[in-house]
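For reference, the structure discussed in these notes is given below.
The values are calculated or read from the model by the stated rules, or taken from the named source; none is laboratory data. Quick caveat, the model's predicted, so the values are computed rather than measured. Cβ coordinates were reconstructed from backbone atoms using ideal geometry, including for glycine residues, and neighbour counts include every protein chain displayed.
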Amino acid sequence: MEEAIESLRRSVARWTEQGELFETPVPGLSLFKREAVTEPVSGMYEPSVCLVAQGAKRVQLGDETLVYDANHFLITSVHLPTVVQIIEASPEKPYLGLRLMLDLREVSQLMLDSNLPQPRTQQSSRGMAVGEVTVPLISAFQRLLDLLDEEKDVPILAPMIQREIIYRLLVGDQGARLRQIASAGSQSQQIARAIDWLKGNFANPLRIDELATKVNMSTSTFHHHFRTLTAMSPLQYQKMLRLNEARRLMLTERLDATTAAFNVGYESASQFSREYSRLFGTPPLRDITHLRRMATGDLPTSVSA
């Protein structure tokens with residue numbers, strides 16, 4: 001195991017020598033490097049598996065805290081708003097990580113095409129979890145990174161290796177989570193459909209009973225399973241989406257706080273400011289000023305998801 005992790009560390013370090021982020025030619029595969037611990041920052045995790053070759057990261061999902069490192073991977077099966085922080089990194093031993101986006105259609109197809117063995121353990125229905133890294137999983141990721149030296153091989157070989165990675169996840173200690181989301185008609189998939197609707201309609205008023213009806217669930221059952229999967233209520237989820245989008249609008253489109261608040265569905269600027277400060281730790285104007293100073297190099301940069 002130690003040799004496999006060290007090999008992965010060398011590969012990620014090599015491909016991130018020129019910067020903190022490398023979007024590889026392999027679809028969905030990104031590499032990260034950070035040379036210092038970071039402040040907690042809010043961001044959205046998409047369906048993905050994240051590995052750490054060196055260092056460690058903390059993720060806050062609702063009231064739940066998850067930490068992953070070189071011996072543990074993070075798997076996310078639905079879109080989840082989180083607060084993340086790199087907690088182990090230095091110039092001498094930078095944080096080195098990689099993320100592979102998961103196509104849930106590929107997961108479903110593999111489940112249909114294969115006589116999969118049962119996963120090693122049956123877990124709860126939470127949409128994000130930490131699992132133990134195995135040598136076969138690291139080896140598959142290593143072969144995916146090895147393709148970066150032979151880009152002409154990526155279109156043919158990368159999908160095969162990605163399929164193996166999905167297989168390793170499905171039969172591993174967190175495989176039950178992926179199976180629940182990918183299984184047609186499951187309650188987890190119904191909640192995933194509700195999450196997709198919320199992502200596209202977060203600025204609109206949220207009526208829980210109507211959303212529950214959209215996914216063919218009773219209101220009480222919907223509320224229970226939504227919290228089980230996301231560690232938050234539908235209203236809390238909507239609030240996280242709104243606040244993150246407002247932050248993006250202020251930062252990238254230079255909207256003032258009041259305009260951004262109304263654009264994402266708030267009717268009260270003062271309520272927006274209170275909830276923004278509670279999530280990001282500082283009022284909107286101060287937060288955006290801080291982020292712009294980081295972007296110009298006046299402050300250390302923060303973590304990306």
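Within segment 67-77, how many residues are farther than 14 Å from Gln174 by Cα and of a type in the set (A, V, I, L, M)?
Adding up the residues that qualify gives 2.
Output the residue which, of all residues in segment 213-239 that are out of contact with any Pro (no Cβ under 9 Å at 6 or more places or on another chain) and among the hydrophobic types (A, V, I, L, M, F, W, C), is surrounded by the fewest Cβ atoms within 10 Å (Cβ to Cβ).
The qualifying residue surrounded by the fewest Cβ atoms within 10 Å (Cβ to Cβ) is Leu235.
Among the numbered criteria (1) out of contact with any Phe, Trp or Tyr (no Cβ under 7 Å at 6 or more places or on another chain); (2) closer than 23 Å to Gly281 by Cβ; (3) not small (Gly, Ala, Ser), which single criterion is violated by Val107?
The failed condition is (2).
Might you let me know whether segment 103-111 holds any residue that is in contact with a Ser or Thr (Cβ under 8 Å, 6 or more places away or on another chain), under 19 Å from Ala4 (Cβ atoms) and crowded, with 16+ Cβ neighbours inside 10 Å?
No, the conditions are met nowhere in segment 103-111.
Sort out which residues of segment 43-68 are surrounded by fewer than 21 Cβ atoms within 10 Å (Cβ to Cβ) and of a type in the set (D, E, K, R), and write them in order of number.
Glu46, Arg58, Asp63, Glu64
Being hydrophobic (A, V, I, L, M, F, W, C), surrounded by fewer than 18 Cβ atoms within 10 Å (Cβ to Cβ) and assigned to a helix (DSSP H, G or I) is the filter here, so list the residues in segment 172-197 that pass it.
Trp197
If a residue has to be in contact with a helix residue (DSSP H, G or I) (Cβ under 8 Å, 6 or more places away or on another chain) and in a helix (DSSP H, G or I) to count, how many in segment 278-292 make the cut?
Here is the first cut: in segment 278-292, the ones in contact with a helix residue (DSSP H, G or I) (Cβ under 8 Å, 6 or more places away or on another chain) are 279-285, 287-288, 291-292.
Next cut, in a helix (DSSP H, G or I) only: 279-280, 284-285, 287-288, 291-292.
The total comes to 8.
State all residues of segment 240-257 that are more than 26 Å from the chain's Cα centre (by Cα) and surrounded by 15 or more Cβ atoms within 10 Å (Cβ to Cβ); if no residue qualifies, say none.
Leu255, Ala257 - these are the residues of segment 240-257 that are more than 26 Å from the chain's Cα centre (by Cα) and surrounded by 15 or more Cβ atoms within 10 Å (Cβ to Cβ).
Which residues, counting only those in segment 199-230, are of a type in the set (Gly, Ala, Ser) and under 23 Å from the mean Cα position of the chain (by Cα)? Working first, answer last.
Step one: list which residues in segment 199-230 are of a type in the set (Gly, Ala, Ser), which gives 200, 203, 212, 218, 220.
Passing the criteria: Gly200, Ala203.
Kindly evaluate Leu157 against the criterion of being more than 30 Å from Phe280 (Cβ to Cβ), part of a helix (DSSP H, G or I), in contact (Cβ under 8 Å) with a residue 60 or more places away in the chain and more than 19 Å from the chain's Cα centre (by Cα).
Working: more than 30 Å from Phe280 (Cβ to Cβ): yes; part of a helix (DSSP H, G or I): yes; in contact (Cβ under 8 Å) with a residue 60 or more places away in the chain: no; more than 19 Å from the chain's Cα centre (by Cα): yes.
Against the criterion (more than 30 Å from Phe280 (Cβ to Cβ), part of a helix (DSSP H, G or I), in contact (Cβ under 8 Å) with a residue 60 or more places away in the chain and more than 19 Å from the chain's Cα centre (by Cα)), Leu157 does not qualify.
What is the residue count in segment 242-282 for residues that are charged (D, E, K, R) and touching a residue at least 12 places away in the same chain (Cβ under 8 Å)?
From segment 242-282, those charged (D, E, K, R) are 242, 245, 247-248, 253-254, 256, 267, 274-275, 278; that's our starting set.
If we keep only those that are touching a residue at least 12 places away in the same chain (Cβ under 8 Å) as well, we get 242, 245, 247, 275.
Summing the residues that are charged (D, E, K, R) and touching a residue at least 12 places away in the same chain (Cβ under 8 Å) in segment 242-282 gives 4.
In this structure, is Ile166 in contact with a helix residue (DSSP H, G or I) (Cβ under 6 Å, 6 or more places away or on another chain), in a helix (DSSP H, G or I) and outside the structural domain of Leu29 (by TED's automatic domain parsing)?
Details: in contact with a helix residue (DSSP H, G or I) (Cβ under 6 Å, 6 or more places away or on another chain): yes; in a helix (DSSP H, G or I): yes; outside the structural domain of Leu29 (by TED's automatic domain parsing): no.
Taking the combined requirement at face value, the residue does not satisfy it.
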